[in-house]
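Structure first, commentary second.
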């Protein structure tokens, strides 16, 4: 077991956090034109997390 947070744990915690934050934001009273930018940034973060490769397996 290595010290630090692994790529798999980063994906799990990151995606859960972003999904929770997105749900809270969707239910809040923020203007729609501001929500577009917020969800764009959150979508970029989710795309990065889904695109992470597992360094232990190499480039598969």
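Taken together, the values in this text are just the output of simple stated rules run on the coordinates, not laboratory data. Quantities reported herein were computed from a predicted structural model and do not represent experimental measurements. Cβ placement follows ideal geometry from the backbone for every residue including glycine, while neighbour counts extend to all protein chains displayed.
Mind checking the full-extension length gain between residue 17 and residue 53? Use 0.36 nm per residue of separation minus the Cα-Cα distance, one decimal, nm.
Here the segment from residue 17 to residue 53 would lengthen by 11.0 nm.
Where does each of 10-17, 28-35, 44-51 land if you order them by average Cβ count within 10 Å, highest first?
Top of the packing list down: 10-17, 44-51, 28-35.
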